[in-house]
Amino acid sequence: MINHSLNRLKTTELYPFKELIKTGVGGIMVAHLYIPALDTTENLASTLSPKIVTDLLKKDMQFKGLVFTDALNMKGVTKYWKEGEVDVKALLAGNDVLLFSQDVPKAIDAIKKAVKAGEISKSTINRRCKKILKAKSWVGLNNYKPVKLENILSDLNSGQAKLVNRNLTEKAITLLKNENDIIPLKRINNYKTVSIAINKGENDIFQNTLNLYKENDLIAIPGNVPKARFESLQDICGKYDLAIVSIYSNQRSPANNYGIPDNVFDFIDSLSSKTNVILSVFASPYILKRFRNIDKIKSIVIAYEDNPVCQHITAQIIYGGVGASGRSPVTISDEFPLGAGMDSQGGIRLRYSIPEKVGIDHSCLFSIDSIVEDAIKEKAFPGCQLLIARKGIVFYNKAYG
């Protein structure tokens, strides 16, 4: 359920789609949502709503490309409509491509009956079929040539694409709480720090990036360890001046606390009563609801998901290489409503990024490897550490030998 006003929807949620439509995006998928500001029809997902698919997307927003349903075998639609019926409703709403029909033969029969009954005109079916055929022709499927898989990852993930991803991630990561402006960490050599990774192995990107600023002791804990193990760790970790605790999970279902065992919350609640805790959440922000003593945690950074870019930037926010500026896109709890978040200072220490961040094409650096490897081969030196920075940004940092 998206319960925002029409003005809010048009200025925020729909804004990216308006801009994409202007640039000629070829396809848009409609999710199974209930949005009262757009359609108050009971038990009707937005996927099946003519007001949303036809009136809003096609007419008001003037989208001319292919409209895809979300999967039609999901409970958002199957709970209220029989097999075949949901497919007819999806077509009536204005969708062009029906994904994951529960029963394709039944769907075809139901659509044929709807055409005979005059619910759907033959011209409508022909028009949408022609749109799909045009799209296939546009991408060359009428003269199919297999995609060359060699270097496909690098072709799809260009330096500029990676830079856009990093910039978006940097603006999204949210500093929800920052008692006494503990972030960015100051006078880092004056206290002993431990980094505790939960649901993650040792030497991940977050831990390694933290250690670029200061060598932290590391404890990696699988989330499913027995409660006794967590209790024994409390005394060990409580002796540190600061504990940087990181939680990892990409599970999006609220079942089983988004993949985080109860022992984890008990451990962090207890630890925050014994020492200063900075909590980094590489998981759903809703897990914060499970903490009983969240007021005792000094600082909370929400990265929303577990991926290398989130880990790399979050560590830099903690040490002040990057400043935080994100705001929560959801209401997490009464304490952290929609829009919660605060800014933190960046640029007090070196930032680590990719060459494109300072205007350099990463391909220009490929020759470095061969130069250094040739020097090692010729025994000019046994090895080296090469670090290159520009404008306070380290964009190359590699060990050889």
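Mind checking which residues of the range 276-294 are open to solvent by 50 Å² or more (accessible area, probe 1.4 Å) and touching a residue at least 40 places away in the same chain (Cβ under 8 Å)?
Passing the criteria: 276, 286, 289.
With 131, 113, 89, 122 as the choices, which residue is farther than 23 Å from residue 31 by Cα and surrounded by 12 or more Cβ atoms within 10 Å (Cβ to Cβ)?
Of the residues listed, the single one that is farther than 23 Å from residue 31 by Cα and surrounded by 12 or more Cβ atoms within 10 Å (Cβ to Cβ) is 113.
Conditions (1) modelled with pLDDT of 95 or more; (2) over 23 Å from residue 359 (Cα atoms); (3) part of a helix (DSSP H, G or I), marked per residue:
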{"position": "107", "(1), (2), (3)": "no, yes, yes"}
{"position": "127", "(1), (2), (3)": "no, yes, yes"}
{"position": "135", "(1), (2), (3)": "no, yes, yes"}
{"position": "142", "(1), (2), (3)": "no, yes, yes"}
{"position": "148", "(1), (2), (3)": "no, yes, no"}
{"position": "154", "(1), (2), (3)": "no, no, yes"}
{"position": "160", "(1), (2), (3)": "no, no, yes"}
{"position": "168", "(1), (2), (3)": "yes, no, yes"}
{"position": "171", "(1), (2), (3)": "yes, no, yes"}
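Among the candidates 177, 162, single out the residue that is open to solvent by 40 Å² or more (accessible area, probe 1.4 Å) and among the basic types (Lys, Arg).
162
Looking at the range 197-210, is at least one residue out of contact with any strand residue (DSSP E or B) (no Cβ under 8 Å at 6 or more places or on another chain), surrounded by 13 or more Cβ atoms within 10 Å (Cβ to Cβ) and closer than 16 Å to residue 314 by Cβ?
Yes - at least one qualifying residue is present in the range 197-210.
What residue, of 332, 297, 260, 268, is touching a residue at least 12 places away in the same chain (Cβ under 8 Å) and in contact with a Pro (Cβ under 6 Å, 6 or more places away or on another chain)?
332
Failed condition for residue 92, given (1) in contact with a Pro (Cβ under 8 Å, 6 or more places away or on another chain); (2) part of a loop (DSSP other than H, G, I, E, B), with all others met?
So the condition that residue 92 fails would be (2).
Within the range 299-306, is there a residue that is under 30 Å from residue 9 (Cα atoms), open to solvent by 60 Å² or more (accessible area, probe 1.4 Å) and at pLDDT below 95?
Yes, some residue in the range 299-306 is under 30 Å from residue 9 (Cα atoms), open to solvent by 60 Å² or more (accessible area, probe 1.4 Å) and at pLDDT below 95.
Taking only pairs six or more apart or across chains, which ones have beta-carbon atoms under 8 Å, a first residue in the range 117-138 that is farther than 24 Å from residue 86 by Cβ, and a second residue that is open to solvent by 100 Å² or more (accessible area, probe 1.4 Å)?
136/142
Yes or no, residue by residue, for (1) assigned to a strand (DSSP E or B); (2) at pLDDT 95 or above; (3) within 29 Å of residue 136 (Cβ to Cβ):
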{"residue": "4", "(1), (2), (3)": "no, no, no"}
{"residue": "12", "(1), (2), (3)": "no, no, no"}
{"residue": "20", "(1), (2), (3)": "no, yes, yes"}
{"residue": "32", "(1), (2), (3)": "no, no, yes"}
{"residue": "56", "(1), (2), (3)": "no, yes, yes"}
{"residue": "77", "(1), (2), (3)": "no, no, yes"}
{"residue": "87", "(1), (2), (3)": "no, no, yes"}
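Give the residue, chosen from 338, 365, that is open to solvent by 30 Å² or more (accessible area, probe 1.4 Å) and touching a Pro at 6+ places or on another chain (Cβ under 8 Å).
Just one listed residue meets the conditions, 338.
Residues checked against (1) over 15 Å from residue 91 (Cβ atoms); (2) crowded, with 16+ Cβ neighbours inside 10 Å:
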position: 23; (1), (2): yes, no
position: 33; (1), (2): yes, yes
position: 43; (1), (2): yes, no
position: 49; (1), (2): no, yes
position: 58; (1), (2): no, yes
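Condition (residue is open to solvent by less than 60 Å² (accessible area, probe 1.4 Å) and either without any contact (Cβ under 8 Å) to a residue 40 or more places away in the chain or closer than 22 Å to residue 227 by Cα (or both)) applied to the range 312-322: is it met by at least one residue?
no
Looking at the range 135-159 only, could you name the residues that are more than 30 Å from residue 395 (Cβ to Cβ), loosely packed, with under 10 Cβ neighbours inside 10 Å and of a type in the set (Lys, Arg)?
145
What's the total number of residues in the range 234-265 that are of a type in the set (D, E, K, R) and modelled with pLDDT of 90 or more?
So the count comes out to 1.
Scan the range 172-201 for residues that are without any contact (Cβ under 8 Å) to a residue 24 or more places away in the chain and more than 23 Å from residue 274 (Cβ to Cβ) and jot them down.
Within the range 172-201, just 201 meets the criteria.
I'd like the full set of residues that are in a loop (DSSP other than H, G, I, E, B) and of a type in the set (Val, Ile, Thr), limited to the range 276-307.
Result: 297, single match.
Name every residue in the range 9-21 that is without any contact (Cβ under 8 Å) to a residue 24 or more places away in the chain, surrounded by fewer than 16 Cβ atoms within 10 Å (Cβ to Cβ) and of a type outside the set (Asp, Glu), in order of residue number.
Result: 11, 12, 15, 16, 20.
The values are calculated or read from the model by the stated rules, or taken from the named source; none is laboratory data. Note that this is a predicted model, so its numbers are computed, not measured. Cβ coordinates were reconstructed from backbone atoms using ideal geometry, including for glycine residues, and neighbour counts include every protein chain displayed. Only protein heavy atoms, including side chains, enter the accessible area calculation; ligands, DNA and RNA are left aside. Shrake-Rupley method; radii C 1.70, N 1.55, O 1.52, S 1.80 Å.
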